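One structure is given below, encoded as structure tokens.
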Amino acid sequence: MTARITPLIAGNWKMNGLTAALGELQRLGELLTAGTAPRCTVAVCPPATLLARVSAQVAVSGIVTGGQDCHPAQSGAHTGDISAAMLADAGAQFVIVGHSERRTDHGETDSLVHAKALAAVAAGLTPIICVGETEAQRRGGEAAAVVRRQIAASVPDEAQGIDVVIAYEPVWAIGTGLTPSLEDIRDMHGGIRAQLVERFGAAGERIRILYGGSMKPANARDILAVENVDGGLVGGASLLANDFYAIISAV
Ligand code: PGA
């Protein structure tokens, strides 16, 4: 954790969630309102089809919402795409950009992610900009350099004056049950912090750096205690109210 920063726990539902998932969300809301107030901002990023309904439903429990991707343009002839303004209109406060699944499945580059982050900011959303190395890059000793390059090219200069969030998600840890050692997480997050401070000065001290990749109730407490880990981006474990609540409670 970084003192002075309000941590963020964000659930990334990915391509999961039909109307029935609203029941699980109801349960999460009940857990959150019954227990002690969470010591973090809690966000859920459902599929776009559920965003407006989820935003309306969670308002009472203090949960905020986010989209999982946005188009860099404000509007126009882009069949099937969703703009940041549409996400904001559906109640979102955040949007994930540059998730490794988008980078892999849709060939998204750092410059596209950069443009999406700016579009998010223009629409009043806080972008959660994802970076992370592959298994081969980690084995080749390139992890820190890869992440440094991704941050340099994906995070816009405007991050100096606006709210952005970085999510470090090693690709090999996503959905695999594997996580880096706490030392490796500390080193990577420390390196990201140093890079942000080098580039943005004092503003770089305030940017939230989330960890993502197989964060579970069993490991959340240890990971969240690591220096410069300011929250988590949680995939699989965010789909079950009890698991997600346990992670939120670990803050
Ligand atoms: P996971 O996904 O928690 O299921 O590993 C994290 C993510 O991809 O954001």
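Annotations
- Take every Cα pair under 8 Å whose residues are at least 6 apart in sequence, average their separation, divide by the length of the chain, and the relative contact order is 23 percent.
- Just so you know, the Rg over Rh for the stretch 109-251 is 0.96, from Cα atoms, with Rh as the Kirkwood radius.
- Each Lys and Arg adds +1 at its Cβ and each Asp and Glu adds -1 at its Cβ; summed about the Cα centre, the stretch 160-251 shows a dipole of about 140 debye.
- What the phi angles of the stretch 20-26 give under the Karplus curve with 6.51, -1.76 and 1.60, with θ = phi - 60°, is a coupling list of 4, 5, 5, x, 5, 5, 4 Hz, glycine and proline written as x.
- Given R0 = 25 Å, the distance between the Cβ atoms of Ala73 and Glu158 translates into a calculated FRET efficiency of 0.90.
- Note on the chain: helix-only mean residue ellipticity at 222 nm, from DSSP H runs of 4+ residues weighted -39500 (n - 2.57) and normalised by residue number, equals -12000 deg cm²/dmol.
- The relative contact order of the stretch 143-251 comes to 28 percent, based on Cα pairs under 8 Å that sit 6 or more residues apart.
- Amide H contacts under 5 Å for Gly11, placed H, 5+ residues apart: Ala43, Val44, Cys45, Val234
- Estimated FRET transfer efficiency when R0 is 41 angstrom, pair Leu22-Glu183 (beta carbons, to 0.05): 0.55
- Per-selection Kirkwood Rh - the stretch 172-216 (Cα, Å, 1 d.p.): 11.5 Å
- Two-site FRET efficiency, Val197 against Thr134, from Cβ-Cβ distance with R₀ of 22 Å, rounded to 0.05: 0.25
- Euclidean distance of C-alpha centroids, the stretch 19-87 and the stretch 217-251, integer Å: 18 Å
- Rg/Rh (Cα only; Kirkwood hydrodynamic radius) as it applies to the chain: 0.94
- Here the chain is scanned for trypsin sites (Lys or Arg not before Pro) in DSSP loops (not H, G, I, E, B) that have at most 15 other Cβ atoms within 10 Å, and the longest stretch holding none of them is 40-251.
Computed from the coordinates by the stated procedures, all read-outs in this text should not be read as laboratory data. These numbers come from a predicted model, not from an experiment. Cβ atoms come from the backbone with ideal geometry, glycine included; neighbour counts cover every protein chain shown.
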